[in-house]
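What follows is a short report on a single structure.
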Amino acid sequence: MEDKISLLNKHLKEKGLKSTRQRDLIVSEFFKRHQHLTVEELLERVRKIDQGIGYATVYRTLRLLTECGLAFKREFGGSARFEHSTDHHHDHLICLDCGKIVEFENDRIEKLQAEVCQKNRFKLINHKMELYGYCEKCHGKHHE
């Protein structure tokens, strides 16, 4: 966590911004658990500690985390969510009913993607895989 704070502080300094108590609280709450949060969800968490924090402050802080590579903004089914950046690539399963997001890694899928790129002389820079369907809990409601 300290290295993340250090990287963020370096980024703030480069942008001529200072660390603030509210920003520090938002960052701390964001990194407490690895989840895919909307701005509203993170706002709800930080307001339990400081009622004075506004939507714009949370949004700007998440944007700063994204700019310096500590977070990624993802669009899942039209909803913007933010997640921690990690050292390993992962993909997502997204439930269309309850919105549950499950991260997964699969070396065979990664290998197949690399083979397809090599075969087509394509230099892959980045990719994402999002699989949409119904989680185990919601599957029964939609099973025909």
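For the chain, what does -39500 (n - 2.57) per DSSP helix run (n ≥ 4), summed and divided by total residues, give at 222 nm, in deg cm²/dmol to the nearest 500?
-14000 deg cm²/dmol
Output the pairs from Lys100/Lys128; Lys32/Lys100; Lys15/Lys128; Lys111/Lys137; Lys4/Lys32 with a Cα-Cα distance over 23 Å in this structure; if there are none, say none.
On the way: Lys100/Lys128 17 Å; Lys32/Lys100 19 Å; Lys15/Lys128 29 Å; Lys111/Lys137 31 Å; Lys4/Lys32 12 Å.
Result: Lys15/Lys128; Lys111/Lys137 exceed 23 Å.
When a/c is below 1.5 the answer is rounded, else prolate if a/b is larger than b/c, else oblate, so apply that to segment 59-113 with a ≥ b ≥ c taken from the square roots of the Cα gyration tensor eigenvalues. Don't skip to the end; give the middle numbers.
Details: a/c = 2.82, a/b = 1.27, b/c = 2.23.
Because a/c hits 1.5 or more and a/b fails to exceed b/c, segment 59-113 counts as oblate.
Which residue, Glu75, Glu110, Glu67, tops the fluctuation ranking in a GNM of the chain built on C-alpha contacts under 10 Å?
Highest fluctuation of the listed residues: Glu110.
Only Cα pairs under 8 Å and at least 6 apart count here; give the relative contact order of segment 91-142 as a rounded whole percent. Let's see the in-between values first.
Working: 47 pairs, mean separation 26.6, N = 52.
Once divided by the residue count of segment 91-142, the mean separation gives 51 percent.
Which of the following values of percent of Cα pairs over 19 Å apart was calculated from the structure shown: [x] 48; [y] 61; [z] 45?
Computed from the coordinates, percent of Cα pairs over 19 Å apart corresponds to [y].
Taking Cα pairs under 8 Å and at least six residues apart, what relative contact order does the chain come out at, in percent?
The normalised contact order for the chain reaches 18 percent.
So what does the Cα-only Debye profile of segment 91-142 read at q = 0.23, 0.30 Å⁻¹, as log10 I(q)/I(0), no solvent term?
-0.84, -1.11
Which of the chymotrypsin sites (Phe, Trp or Tyr not before Pro) across segment 115-144 are loop residues per DSSP, with 13 or fewer other Cβ within 10 Å?
Details: sites: Phe122, Tyr132, Tyr134; in loops: Phe122, Tyr134.
When the chymotrypsin sites (Phe, Trp or Tyr not before Pro) of segment 115-144 are filtered for loop state and at most 13 Cβ neighbours within 10 Å, Phe122 remain.
What residues have an amide H closer than 5 Å to that of Met129, excluding those fewer than 5 places away on the same chain, when H is modeled at 1.01 Å from N in the peptide plane?
His92
We did not get these values from a lab; they are worked out from the coordinates using the rules stated. All values reported here derive from a predicted model rather than from experimental measurement. Every residue, glycine among them, receives a Cβ derived from its backbone with ideal geometry; neighbour counts consider all protein chains shown.
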